[in-house]
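Below you'll find the structure, written out as structure tokens, and then a few comments.
The values are calculated or read from the model by the stated rules, or taken from the named source; none is laboratory data. Everything numeric here is computed off the predicted structure, so don't read it as measured data. All Cβ positions, glycine included, derive from the backbone under ideal geometry; neighbour counts span all protein chains shown.
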Amino acid sequence: MPDRREALRIEVRGVVQGVGFRPAVDRLARSFGLAGWVSNDSRGVSIHVEGDAGRLEAFASALRDHPPPSARIVEIERRPVPAEGFETFEIRASTHDHPPVVLISPDLPPCPDCLEELEDPRDRRHRYPYLNCSACGPRYSIITALPYDRPNTTMADWPMCEHCRAEYEDPSDRRYHAQPTACPRCGPGYRLIRDGVDRASGPEAVARAAALLQEGEVVAIKGVGGYHLACSARDEAAVRRLRERKYRKEKPFALMARDLASAERLALLDDPHRSLLLDPARPIVLAPARASLPGVAEGTDRIGVMLPYAPLHTLLFRAGAPDPLVMTSANRSSEPISYRDDDALRRLDGIADAFLVGDRPIARRVEDSVVEVLGGRGTMIRRSRGFAPGVVCRLRAPRPILALGADLKNCITLVVSGQAIVGPHLGDLGDREADLAFEQSIRDWLAMYEIDPAALVVAHDAHPGYSSTRFATEIPCHRRLAVQHHRAHVASVLAETGELDRPVVGVALDGTGFGDDGAIWGFEFFEGSVAGGLRRAAHLRAASLPGGDAAARFPVQAAAGFLAGLSVPDLHEPPFSFPERYTQAQLLVARQVRCFPTTSAGRLFDTVAALCGFTRPISYEGQAAIWLEQQALGARSCAPYPFPGLDYRPLLESVIRDRRSGRDVGEIALAFHAAIARAVADTAAELAQRLGTPLVAISGGVFQNRLLRLLLDSYAVQERGLILRFNHAVPTNDGGISLGQAAIASGLAVG
Amino acid sequence: MADGAGGKASRRLVEGTIVPLLGDAWKGTLADSAVLDIGPGRLAMTTDAFVVRPLRFPGGSIGELAVNGTVNDLAMAGAGPVALVAALVIEEGTAVETVEAELRALGEAAGRAGVPVVGGDTKVVEHGKGDGLYVSTTGLGRVLEGVALGPDRVREGDRVLLSGPIGDHGITILLARGEVDLEADLRSDSRPVWPLVRPLLEEDPGAVRWLRDPTRGGVASALNELARDRGLAVVLEEAAIPVREPVRGACELLGLDPLHVANEGQFLAVVAPGAADRLLDRLRSIPGGEGAAIVGTLREGPARAVLAETPYGGTRIVDLLEGDPLPRIC
Ligand SMILES: [Fe+3]
Ligand SMILES: [Mg+2]
Ligand SMILES: [Zn+2]
Ligand SMILES: [Zn+2]
């Protein structure tokens, strides 16, 4: 027997620590009768198993095919090693031999075992909203420092009872080293607060909250990464009340459905949608709307749905909360979500009728993630809870890189030991809370990964007025690199696919980015490669942007810039009926007061939306473009407008002519979308041919437009034979910028 | 043109043209230096060069600005103006009437501010080397007794007083530059503020800790400087900041924050918390001070920052702004 004994060393990388990986390996090895050890090291988990060759093979495939549900394995490496004669299997203490690239796990939803206990009246954690085990529960949202041990979490103030302690210390128990483990005897609880007074606690608090929701009240609910404002999605009066109190006029609300069956009634789900809904990240999934819920998501044909992801959510539905619930970030307007109790009670006073407050503090704000399905694959719109922080891809970078992202939808990326770790959505900088989260993330990450500032490369946007740019100049580092916004967009796509050396055509269509020449770019073509440099190869004909950001809030103001110099009829007259604001903006353009030269695609969409009837200010970002897409979705096929050499003038003249002749707005919108897609396809094809590559990397916020992507697929892929790459792992909007900055900096981080 | 070359021609220009235009404000002697007998006490002295374009704008002109800017700088030191000297740099080819009009405006403004003009100079530069007319003024003032001002006197908990609605001057100039006439009601706020400052200082000299006129860079720059110098936070209550409707509307159109826009007739005062309401009432009782408001508070942290609490319960960072704000919405 000993002579037939073989051994394997297996190294697992990814999110494998703090997710119950070692106990799972321990159970798996024992079940195959193998000996050896498993240990956390600074790069992940190392396993040494020895025994019969066949069993070793079976163990390795079981590990690969059925890893613990919460783990996110990036790579598994295995190599044969000499057997050492172990007799049993053991979990070894951690080693610390390399610079750490240990990944902090994102927060996890309750596992099936824990859910079972939650429902079991005989279990001591029956209906206890803070139950978890080593395979589930909160992580990033409760960590106050590394290493991830209980004293370094927001559970530090609740000493374990002897029961919980025994489970925590038993390697064979599901709660072995489950840092936040607790039970009703020793752990934190929940309270229901109404009119500033505690009204109930424990299961009674949850029951009262469910009843209030049933009665149409708005309840602020403390979740994993912050507070939600909840109300019954089927109670139109409640929904409208919430909108009014939150100053959120039209932006769609996300829903939480009790279970998958309920979600199926709300949205048209295919398999990728379903698996995203059930993903451990439990994101908000955007899917075609099926149910009509007045006030929830008007003006769009899609709806955002998520499933319960904290034991409390499950308990609320069990206690009779209406299904589905509107679950929207607790804040007024678009500021970051509230996560501290005192702040929430103060800021949400007058919005929420009652508060369901849990005692466990949240260490850092983590917003809900938002995903959609693109080409059958899950695609990020907002990458946050459950996904971040996490490794997105590898980059060749011997030096650590810190990429600070853009000011809006900020998110940072850290590259350490060649792994690009992308952080959660932090919101728009310039807001105090977002700035704090930004600075805290940077401080935490540099400390956690023990980064020496003398080696650090800091990448930031080239915009001179961004807060992140100013911040970049204040961080001590080896060198600093300003990256042009749209090159970063394009590079983010190629970082995901690992095609940094390949010659490509890059396409970036979005609202605003600071260009090489000081103009405001946004409809850009590049050629070259990320490693060798992306040269600007074509762009939209430049227009004037009167009033800068003011034009982004009022489509007719953008129109004044794009229509200057065209012979246009009086747009105050029907069918256009432009408001006075247009005349004022025209004056600015004529006198070049506060005007910026721009090639923005976003403002071109706004202009056409204005011409098609969207003449009021927007009430949330991207609203006019979303409205225009919705108009187009209602139309039959129609020929693209002329858009020769990316000159928008003939295009806009056609729109105006068609509008005056009474053509259907949907058809006009569709012909416009087709013109954009056609021009992108033609320009990209021309550049691709010159470059001898079929590869086109496409990014920028405008490509959140599904119709545009569909049309591109037809014009660029089917007609032109181009290979298109879009973002999936990071958003195509500015949430992906930091990854792109890191990819461009990685070429420079070598020396 | 030999008028600025010195010697006799220059003397003729000064005696024959300039002095009469300045009117009663002229108290000079045409000697090389003015000699003043101003008695005991501390003096304040300041100088400023004015390069505004256009030279005339709704509510004011460069000549008037040159007086108000300098006497206001004296006022910010707690000093009433005692004497002023002015120098003009005239671009060759500038219409004589233009120069005359500005001299008259300068004289009238000095009269309104109650400050004698005691000396001056003119130079002419080649065509193309100046924007028509530059004016530089130097002012001398006497500091009111008992006044001690400076960032080091500012304490946590102190309140920020603002003398009136902001942004009028900067918006007026910006629009006048492009000859854009949006609102009949938009005009520069240029005025001397000493008549407003003096009663405050007399009311309670010890309670006023710091004064600043929020000119270029606006309230945001002035308060950022204070926050940095003092290592404290200035927390503004956005809803309390007075902004006139036409200015608010223009800022909305132009993509500007009123806090970043220049003023020429307002001042900020940091005052002791206990005296704030009384000083506000006093200020409001003075003609021209009706629009005053308490707009913020000095706080311990975040150190060196200016914040504005929004009506929605959020808090935004009020940055120091260099140059025009560029669009950033993506
Ligand atoms: Fe962008
Ligand atoms: Mg000055
Ligand atoms: Zn569990
Ligand atoms: Zn316990």
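Summary table below
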read-out	value
Residue ID - modelled with the lowest pLDDT, chosen from residues in region A:157-178 that are within 30 Å of A:W445 (Cβ to Cβ) and among the aliphatic types (A, V, I, L, M)	A:A178
Tally, over region A:315-339, of residues that are within 13 Å of chain B (Cβ to nearest Cβ) and in a loop (DSSP other than H, G, I, E, B)	9
Answer from B:R278, B:R216, B:R282 - the residue that is away from every other protein chain (no Cβ under 12 Å), touching a residue at least 12 places away in the same chain (Cβ under 8 Å) and not in a helix (DSSP H, G or I)	B:R216
Selection within region A:517-541 - outside any strand (DSSP E or B), within 14 Å of chain B (Cβ to nearest Cβ) and in contact (Cβ under 8 Å) with a residue 24 or more places away in the chain	A:A519
From the options B:G139, B:G111, B:G128, residue that is out of contact with any Cys (no Cβ under 8 Å at 6 or more places or on another chain), modelled with pLDDT under 95 and within 28 Å of B:A86 (Cα to Cα)	B:G128
When residues of region A:595-614 are limited to those that are over 22 Å from A:H485 (Cα atoms) and outside any helix (DSSP H, G or I), the one nearest to the other protein chains (Cβ to nearest Cβ)	A:F614
Lone unmet requirement of (1) away from chain B (no Cβ under 14 Å); (2) surrounded by fewer than 21 Cβ atoms within 10 Å (Cβ to Cβ); (3) more than 20 Å from the chain's Cα centre (by Cα) for A:L374	(3)
Residue identified as part of a helix (DSSP H, G or I) and either touching a Lys or Arg at 6+ places or on another chain (Cβ under 8 Å) or aromatic (F, W, Y) (or both) among B:D73, B:D131, B:D152	B:D152
Count of residues meeting criterion [in a loop (DSSP other than H, G, I, E, B) and over 18 Å from A:L509 (Cα atoms)] in region A:542-568	7
Residue that is nearest to ligand 1 (Cβ to nearest atom), among those in region A:130-165 that are under 26 Å from the mean Cα position of the chain (by Cα) and among the aromatic types (F, W, Y)	A:Y140
Hits in region B:291-321 (condition: more than 8 Å from every other protein chain (Cβ to nearest Cβ) and among the acidic types (D, E))	B:E300, B:E309
Selection within region A:707-732 - surrounded by fewer than 17 Cβ atoms within 10 Å (Cβ to Cβ) and not β-branched (V, I, T)	A:L710, A:D713, A:S714, A:Q718, A:E719, A:G721
Selection from region A:192-207 of residues that are surrounded by fewer than 17 Cβ atoms within 10 Å (Cβ to Cβ) and on the phi < 0 side of the Ramachandran plot	A:V197, A:D198, A:R199, A:S201, A:E204
Checking A:A447 against (1) buried (at least 21 other Cβ atoms within 10 Å of the Cβ); (2) more than 11 Å from chain B (Cβ to nearest Cβ); (3) modelled with pLDDT under 95, the condition it does not meet	(1)
Verdict on A:E621 being away from chain B (no Cβ under 14 Å), buried (at least 18 other Cβ atoms within 10 Å of the Cβ) and either at negative phi or not in a loop (DSSP other than H, G, I, E, B) (or both)	no
Exclusive hit being away from ligand 2 (no atom under 16 Å from the Cβ), of a type in the set (S, T, N, Q) and modelled with pLDDT of 95 or more, set A:T154, A:T144	A:T154
Number of the exception - A:H463 against (1) away from chain B (no Cβ under 12 Å); (2) surrounded by 18 or more Cβ atoms within 10 Å (Cβ to Cβ); (3) over 19 Å from the mean Cα position of the chain (by Cα); (4) closer than 22 Å to A:V493 by Cβ	(1)
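A quick yes/no check of all residues on (1) away from chain B (no Cβ under 14 Å); (2) within 25 Å of A:L286 (Cβ to Cβ); (3) modelled with pLDDT of 95 or more:
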| site | (1), (2), (3) |
| --- | --- |
| A:V392 | yes, yes, no |
| A:R396 | yes, no, no |
| A:A403 | yes, no, yes |
| A:N410 | no, yes, yes |
| A:Q419 | yes, no, no |
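Condition check ((1) among the small types (G, A, S); (2) more than 16 Å from ligand 2 (Cβ to nearest atom); (3) surrounded by 24 or more Cβ atoms within 10 Å (Cβ to Cβ); (4) within 14 Å of chain A (Cβ to nearest Cβ)) across all residues:
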site: B:I62; (1), (2), (3), (4): no, no, yes, no
site: B:A66; (1), (2), (3), (4): yes, no, yes, no
site: B:V85; (1), (2), (3), (4): no, no, no, no
site: B:G93; (1), (2), (3), (4): yes, yes, no, no
site: B:A105; (1), (2), (3), (4): yes, yes, no, no
site: B:A109; (1), (2), (3), (4): yes, no, yes, no
site: B:V117; (1), (2), (3), (4): no, yes, yes, no
site: B:T122; (1), (2), (3), (4): no, yes, no, no
